[in-house]
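Encoded as structure tokens, the structure appears first; notes follow it.
Read-outs throughout are calculated quantities, based only on the coordinates presented, and are distinct from any laboratory measurement. Note that the structure is predicted; figures quoted are calculated from it, not measured. Cβ placement follows ideal geometry from the backbone for every residue including glycine, while neighbour counts extend to all protein chains displayed.
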């Protein structure tokens, strides 16, 4: 070191023409913060305005203002509605948490809808067959749901890492397979179909869960919701902690950001990758089980098309929250609200599908600002570091 | 401040020069990459542009071929002022560049690559024919239907040249053309270059940081430093030491600086005793000189200790079935720097990958301190104490989207965690220590890695790898793309590591770097070690022949 | 098992099974021929599903307003609109291409569902047109040459895609940016612009594909019309190892399987649960990709965004 000492002034001059990041003044930091807010706000506004325009152009019955008012009423303002919204949000949050885990590992799992249905199927199958005290039976059947969802996603994970088949496609294709398999199960009594005396004259329904095997519901301020809401919140905090504060989470994120560096540092792509898929599918499966046993989604029994788009909603929520577990809580509630709110739309004569449109528009709009900001930051960094090469 | 090269006496000067860059200024943020730089290229002449990494020469050339738009200044071609907005535009003006990093698409054939970047209808037959013509004309021996992926580096550069010449440009720019070539391939390149210039009256700009190259090939030279022209004029009258001094802005004293500037010839003529170096290349009156030279380590005796790293018969194949390493055997002893010399693409990358657990082997074994280490198993090499400064740090050395602190503990996060829980405060404070110790220039432990300059990212990698108490340090092209100060720093670190007993394996295509740092040199060719020599009896000519794949089994016996 | 084999025998000798199979394969061909070009340039278009659906809806509206040709035109336009969102978000703003594609699928499904719910366009199936002579070939003749005439549009498309990819400068540039965007950039190509163009092409092709399917299959628009065929088209390209020949083979195979199994019940084999028939194309696709995906070399820069100076 000593010999370099006296050369330092010259050398450092040549080698570091400027510090890497020019010092950010307080003022410019403020401007950039307000820039970010304006960017997000304007994207949101444009999204909602476009959805409103669609209502105005395509529907002669409702107006955009009535649509938004009614959605808000249905989601939170009317009596008892926010409890329902909470109940609907819980599975969305669970699915999104799983998506966050696989997403952080760099995997694109987009078959949550199928994993959720398989999870619900496993839960339904086990839940009406095993004996034992109610709460224990409930936990066991939910655990089976987790296993079901995990297996379904795990297949895609195994194919990805052993056979190099893109998980984007397999998870999607497996989703269709899952829906059909459960449909088949619902047509056969030895699988899921309820015995004739239990289903009245309906086809394709499973035996309803006994009262003691349902997730308990509580009432707060006139709003009723299952306690699985608290479990979902707890899971959000756990996922946040694990991803951000533990060695396992650190390695998982490393894998997602740079698989080769991770391999060199001791993160096995196969082990962590498949593990992330299992967790992802497990959460979706749990969401399916919670929907089945928690109420708010039919009559505690499995029916055809049971998923009802909750898997997709969870996936979109994860995308909007950009894989941050705590932000997810808010986004999941928002998406739950859109869903419960759209139930009130029938009164206006506007198709409830507009809720899907609003949801899609919101997601699209929320993708823009981070992309713009990221690109700009990278370009600036590039301009600063590539100088004089 | 800036001086325009003097016009020479010569016939062509009745017409205006082929290219005049006048007072070109280019800023990147607060950095002035080019500060009122002027440059004149004449037909039939080779103009050398010499400077350290980071002196602004590449930016200047990017301005000329339209990859970078200047903030101020003029470009004149044959006396007419023009604007060059992109490479296609430059091509239309008759300016073409042979790139430092190849602009070839491996999956395509030679003729397809040559056609890339043209405009108008695609006429395969015509392109193929033209490739054949040029190949014949300059003796390049290229088949237009070969796939680039199947060609070695030297041949690829010929394709680059054909790609340039096909549009029959008037001005040719070569950016560090010899960095990927063996000495004989470099000879071949310069022969071809002289033919092009003298037979066809083209103007050539040759960008290089290698002094001997500039001295032997060019007619005129412009020296840049810190974004300015510091010296310009005919090459004929100049001598190596003056040019070297102009390039660094101070007396050239250190042997390691020879490495940086590529003064191989001087080095070779030197006895191993370092003091003479000073006398030869600089005025030698700097007080620094004596201090500096004493630093140079005496030739090391072969260490008697057991090897800390042993590779035995390593054979590895690529995904396409190509043999990348072919029975490679190698030993590194504690405290020793072993240099792996060789022309690019002879298995160096795979060697680094095997030692990073990124590539599994088909046969052979790796031992660290006599214990066999599993190959291809995630993290096995790192756990065994093999530290790596990878050839491409963005590929396997760091995570750009992580913070500096996270990057410092990528390999062993357990150092800052208890029972699987990471302590953020421990991570930050330990990171701050390392940032301080390795003089990493960043806003703090939480700065994102991508916000750092290349040199500082490299320091983060170095800091992490050295702080994990390695047994072996593998440094693959550790100074590639760094400027002279950073090169110096890296060299010191490698030497210090060796001094502390670490076995250092230096894999480099820069022969000067190898010669400068290694205690022992082995040559890699086609995935196997084809020869070795101790520092004391380096024979550069023989080294060059080994690198070029000459069969020296007989010659090898005598040393 | 015996049942199954005799079912297979019946299917392979059933003329209308072939006819339906070709109809199902052709919609994949339209989509995959665009998708192949996009993937050659480095993009996996998950939103191809949305482009096809938008195309089908555009076709329905167009036919309602002014006939089949207007329908096809609007189908192409609708596909193009979706592709413009995908292209500009993923290759101008470098948002993640899968994320954008997925959101578009959900969004377009929502919009189309909403629009149809508010105002259903009056569309109908296009009449068959018998190609003289060729349609008389036994078994295959009617399947290939006695079909709604919109199907015949696919015949020139396949060689055209080959010609564009391998014989034009644009095709060369497309292949280059999918393999090595950095080298392409240095050579003077506009990497992201080229990629956007391939996505536009995919939008037009799969829009027309969606429109064709409406006209040839059902005639009445439902939001389940496409039902995952876009994903199968992507799988066909992967299965085909990113070659035109392979992709065409993949489309034909997946289309035939999907269609053949659907004819099983109508042939009197009621004992097979429809669920297995419905999932069969997906299962076959997954198995086929599992068997073949590892062997082939994908475009080196597939699904990697390009920002100059970043690897």
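One table, with the values for the structure above:
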{"read-out": "Cα convex hull of segment B:417-559, projected area averaged across orientations, nm²", "value": "11.1 nm²"}
{"read-out": "Stokes-Einstein D (µm²/s) once Rh is taken as the Kirkwood radius of the protein assembly as shown over alpha-carbon pairs, at 10 °C in 1.306 mPa s", "value": "47 µm²/s"}
{"read-out": "For segment C:122-173 versus segment A:137-151, the gap between their alpha-carbon centres in whole angstrom", "value": "50 Å"}
{"read-out": "Normalised contact order of chain C, rounded percent, pairs of Cα under 8 Å and 6 or more residues apart", "value": "35 percent"}
{"read-out": "In degrees, nearest ten, helix C:15-40 long axis to first principal axis of chain C (Cα)", "value": "0 degrees"}
{"read-out": "Radius ratio Rg over Rh of chain C, counting only Cα atoms, Kirkwood formula for Rh", "value": "0.99"}
{"read-out": "Chain A: calculated mean residue ellipticity at 222 nm from DSSP helix runs of at least 4, using -39500 (n - 2.57)", "value": "-23000 deg cm²/dmol"}
{"read-out": "Segment A:296-389, relative contact order in percent, only Cα pairs under 8 angstrom and at least six apart counted", "value": "21 percent"}
{"read-out": "Stretchable slack from residue B:539 to residue B:82, in nm (0.36 nm times residue separation minus alpha-carbon distance)", "value": "159.5 nm"}
{"read-out": "Highest-fluctuation residue, C:196, C:229, C:297 considered, GNM on chain C with Cα pairs under 10 Å", "value": "C:297"}
{"read-out": "Sum of -39500 (n - 2.57) over DSSP H runs of 4+, divided by residues of chain C (222 nm, nearest 500)", "value": "-22500 deg cm²/dmol"}
{"read-out": "On Cα atoms only, tilt of A:26-58 relative to the major axis of chain A in degrees", "value": "40 degrees"}
{"read-out": "Choice from A:379, A:346, A:81 showing the highest fluctuation, given a GNM over chain A with Cα pairs closer than 10 Å", "value": "A:379"}
{"read-out": "Using a Förster distance of 45 Å, the FRET efficiency for residue C:300-residue B:443 (Cβ separation, nearest 0.05)", "value": "0.80"}
{"read-out": "Nearest 10 degrees, 0 to 90: helix A:354-385 Cα axis against chain A principal axis", "value": "20 degrees"}
{"read-out": "Reciprocal mean inverse distance between Cα atoms of segment C:82-159 - Kirkwood radius, Å", "value": "16.2 Å"}
{"read-out": "Two-decimal log10 I(q)/I(0) for segment A:265-389, as the Debye equation yields it once each C-alpha is a single scatterer, q = 0.11 Å⁻¹", "value": "-0.58"}
{"read-out": "Computed label-point distance, nm, for sites residue B:374 and residue B:550 using a 7 Å Cα→Cβ extension", "value": "4.6 nm"}
{"read-out": "For chain A: relative contact order, % (alpha-carbon pairs under 8 angstrom, 6 or more apart)", "value": "33 percent"}
